[in-house]
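The values are calculated or read from the model by the stated rules, or taken from the named source; none is laboratory data. Values in this document were obtained by computation on a predicted structure and should not be read as measured data. Every residue, glycine as well, gets a Cβ built from its backbone with ideal geometry; the counts of neighbours run over all protein chains shown. For accessibility, only protein heavy atoms count, side chains too; no ligands or nucleic acids. Shrake-Rupley method; radii C 1.70, N 1.55, O 1.52, S 1.80 Å.
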Amino acid sequence: MSDIDGIIEKCIDDIWKNYDKDNSGFLDKGETREFVRNTLTEMGENGEFSETDFDACFKEFDKDGNGTISKDEMKIFIKKVAGL
């Protein structure tokens, strides 16, 4: 595993500790919405977004279309956003 993969996996573990409220091992739509809102706020944005924008974002995360985000799906999304 490369250093960047280790860093991404640590970040994902932290995301799950903070947002996987039901300890299912996945982020459902509500948990993902909270993660996106808080991340935007931390980046200096107002944390507001339309439901349409969120649905499009969620579909980008949810590669298998099962309505939840797995750690592997999150890793793919982070790498895509980071250009890796």
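Looking at segment 31-48, is at least one residue at pLDDT 95 or above and out of contact with any Pro (no Cβ under 6 Å at 6 or more places or on another chain)? Among the residues of segment 31-48, at least one is at pLDDT 95 or above and out of contact with any Pro (no Cβ under 6 Å at 6 or more places or on another chain), which makes the answer yes. If you go through segment 46-84 and keep only what is under 21 Å from D13 (Cα atoms), without any contact (Cβ under 8 Å) to a residue 60 or more places away in the chain and open to solvent by less than 50 Å² (accessible area, probe 1.4 Å), you end up with C57, F58, F61, D62, G67, T68, I69, S70, E73, F77. Restricting attention to segment 1-27, the residues that are closer than 13 Å to T68 by Cβ, open to solvent by 60 Å² or more (accessible area, probe 1.4 Å) and charged (D, E, K, R) add up to 2. From the list D13, D22, D72, the lone residue that is modelled with pLDDT of 85 or more, in a loop (DSSP other than H, G, I, E, B) and among the acidic types (D, E) is D22. Here segment 54-69 is the region considered, the condition is being not in a helix (DSSP H, G or I) and not aliphatic (A, V, I, L, M), and the residue that is modelled with the lowest pLDDT is K63.
Taking the listed residues I4, I12, the one that is touching a residue at least 60 places away in the same chain (Cβ under 8 Å) and either out of contact with any helix residue (DSSP H, G or I) (no Cβ under 8 Å at 6 or more places or on another chain) or at positive phi (or both) is I4, with no other qualifying.
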